[in-house]
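Take a look at the structure set out below.
The values are calculated or read from the model by the stated rules, or taken from the named source; none is laboratory data. Computed from a predicted structure; not experimentally measured. Reconstructed Cβ throughout: ideal geometry from the backbone, glycine too, with neighbour counts over all protein chains shown. Ligands, DNA and RNA are excluded from the accessible area calculation, which covers all protein heavy atoms including side chains. Shrake-Rupley method; radii C 1.70, N 1.55, O 1.52, S 1.80 Å.
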Amino acid sequence: MGLNLLMLGPPGAGKGTQAERFARTRGIPKISTGDILREAVQTGTELGRQAKAIMDRGELVNDAVMIGIVRDRLDRDDAQGGFVLDGFPRTVAQAAALDEIMTGRDPLIVVDITVPEAELVRRLSARMICESCGANAPVGDGAAGTCARCGGRMVQRADDSEAVVLERLKVYHRQSEPLVEYYRVRPTFRSINGAQPPDRVAADLVAAIEAAGLVVTPVPKPLKNAPGAQP
Ligand SMILES: [Zn+2]
């Protein structure tokens, strides 16, 4: 039984972090469009070359190429037992294409992480970015302004004034609302409250998936001192 999870949520909702954490604990791949696009370009697949040509012209990768790259990724062996999709689909057209890709597989569980706008503005306005590697983190995260990934210096992201943040959120909502409507009618759709500490959000995520009527099988861990275990 594959646990096929799709996560939705605005920038600042902690979606990427939760997706990564959930994928790791379940031993399934986290598939984000940024990562697979980079990988396709680096490995020079046919679709990767097309994507590179588009990006070299300074344009956005179109649906057909993006859908093809996602299809290739979901066809790989490691995604047959489930996956966590983050950042795709972004449009209803992409969602319809994903449904077609998912034909014959276990149903897609869709979890939307919601956070009040004022809280998103607070979080996004206060993000720090690493000068060296581009990693970003909320203000107050990590040791004295040092990047947890590479040790570089963390600085306040230049574009994150409140007006820029509000515009980003407006763009997100305009794009995602039809998508949420597309999925909301399904029995496997759940919405969770992202305005909580990360551990609470993670617990709600698991509860939401279980409530979606699917048994989530954790990666088996060796039990210490289990009843009947040999000493
Ligand atoms: Zn860094």
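Details
- Residues that are over 23 Å from A23 (Cβ atoms) and without any contact (Cβ under 8 Å) to a residue 40 or more places away in the chain were ranked within segment 104-126; the one that is least open to solvent (accessible area, probe 1.4 Å) is A126.
- Residue that is surrounded by the most Cβ atoms within 10 Å (Cβ to Cβ) [pool: residues in segment 79-99 that are in a helix (DSSP H, G or I) and among the small types (G, A, S)]: A97
- Only residues that are within 9 Å of the chain's Cα centre (by Cα) and in a strand (DSSP E or B) were counted in segment 1-40, giving 6.
- Qualifying residue in segment 193-203 (condition: within 30 Å of C130 (Cα to Cα) and touching a strand residue (DSSP E or B) at 6+ places or on another chain (Cβ under 6 Å)): yes
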